[in-house]
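Beneath this line is the structure, given in structure tokens, with notes to follow.
Here, each number is a calculation from the coordinates, and none is a lab measurement. These numbers were taken from a predicted model, which means no experiment stands behind them. With ideal geometry, Cβ positions are generated from the backbone for all residues, glycine too; neighbour counts draw on all protein chains shown.
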Ligand SMILES: [Zn+2]
């Protein structure tokens, strides 16, 4: 079982435990309105903030085979 988080326009967010094989809910069990799934809890999925730490060259750690910083994301990333 996994805990999914849904958002209902009327009821707000709520958690629903479902087997992993079940499809996402389309209707709110409380009011019958449309819901959308926000996140799946307990699966380790996290949206990481791209381009925060270590995403660009600096003088201490140049990339791209250069000896100086190039103000670009490291090659191939
Ligand atoms: Zn609802």
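Quick check on the exposure proxy: order 22, 71 from fewest to most C-beta atoms within 10 angstrom.
The most exposed by this proxy come first: 71, 22.
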Rounded to one decimal in nm, the spacing of the 7 Å Cα→Cβ label points at residue 68 and residue 1 is 6.2
Most exposed first by the Cβ proxy, i.e. fewest other Cβ within 10 Å, how do 34, 15, 67 rank? 67, 15, 34
